[in-house]
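Values in this text are rule-based calculations from the coordinates and carry no lab data. Keep in mind that what you see is a predicted model, and the values were worked out from it rather than measured. Cβ sites come from the backbone with ideal geometry, for glycine too, and all protein chains shown count toward neighbours.
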Amino acid sequence: MKTIKKKLNIVLLGPPGAGKGTQAQILIEKFKLKLISTGDFSRKVAQEKSPRGKLARESLASGKLVPNKIIDDYVEEEMKKVPLKKEVIFDGFPRDLPQAKFLENLMKKLKREFQVLYIELTPKEAIRRLSSRKICSKCNLVFKLEDLNNKNQCPKCKSELTKRFDDNSEIVRKRFKEYLSRTKPVINFFKTRSQLIKINGEQSISCVAKDILIKINN
Ligand code: AMP
């Protein structure tokens, strides 16, 4: 295998349903990256009986973003724990311009370079995928309903598969609205810094993964 010389700290951007989580898992297995998933974190915080738990629950239920302070603090804390030789992958972060600037400053402070992968997908295809997926309640892996042969068990860890409660059509509509108004500007932000690598997300999972490997290697 060709050696990958570039720094592999990676940011994954794209609409809900673009396959960011799935591609993150593939890259983690291949390169042993540390995952920082603000979606997984938000769902965990939403179970807390605390003021921030309440805020997270309300945000998730309305398809809105969790307040930045909660997310930024988590990202900073996690990043401080990672040894410099270990590289990281961000899934779901940054989601708006203040978060993008926060990440840029944090990475500068920590002397870490990073690349931004933007998985492009039409809203129509993204919504179709969200309505036909299930997620493992334990390891968070995502599966397409059509690949499961009516089984409700995670092929990897055998735990129960569930539908994400925010994959229902009403919350999906709101998540998209939030994506278009708050996350889309992040794409331009990194584009103007020549840091953006575009990936065609309309392809199969393995083709997207291959494309990513080629592009992060260039
Ligand atoms: P995801 O699993 O990435 O689709 O995220 C699910 C939900 O978690 C989002 O709809 C938000 O409510 C929340 N969330 C995830 N990442 C962020 C973030 N970077 N900033 C604010 N809220 C987030």
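At a glance:
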quantity: Added length on full extension, which subtracts the Cα-Cα distance from 0.36 nm per residue, LYS86 to GLU48; calculated: 10.7 nm
quantity: Sparse-neighbourhood loop sites, trypsin sites (Lys or Arg not before Pro) in the range 59-166 - DSSP loop, at most 16 other Cβ within 10 angstrom; calculated: LYS64, LYS85, LYS86, LYS111, ARG112, LYS138, LYS151, LYS156, LYS158, LYS163
quantity: Viscosity 0.890 mPa s, temperature 25 °C, Stokes-Einstein D of the range 107-218 from Kirkwood C-alpha radius, µm²/s; calculated: 150 µm²/s
quantity: Translational diffusion coefficient (Stokes-Einstein; Kirkwood radius from C-alpha pairs) of the range 147-208 at 4 °C, 1.567 mPa s, in µm²/s; calculated: 85 µm²/s
quantity: Estimated FRET transfer efficiency (THR162, GLU77; beta-carbon r; R0 25 Å; 0.05); calculated: 0.35
quantity: Descending Cα extents along the principal axes, the range 46-105, whole Å; calculated: 37, 25, 16
quantity: Debye-sum result for the range 118-182 in log10 I(q)/I(0), which assumes one identical scatterer on each alpha carbon, at q = 0.15, 0.16 Å⁻¹; calculated: -0.53, -0.59
quantity: Normalised alpha carbon radius of gyration of the range 1-132 [divisor 2.2 N^0.38 Å]; calculated: 1.09
quantity: Under 20 Å from the Cα of LYS134 - aspartates and glutamates, other chains or at least 8 residues apart; calculated: ASP40, ASP91, GLU125, GLU146, ASP147, GLU160, ASP166, ASP167, GLU170, GLU202
quantity: Helix-derived mean residue ellipticity, 222 nm - over the chain, DSSP H n ≥ 4, -39500 (n - 2.57), to 500; calculated: -13500 deg cm²/dmol
quantity: DSSP beta bridges in the chain [antiparallel fraction, %, rounded to 5]; calculated: 25 percent
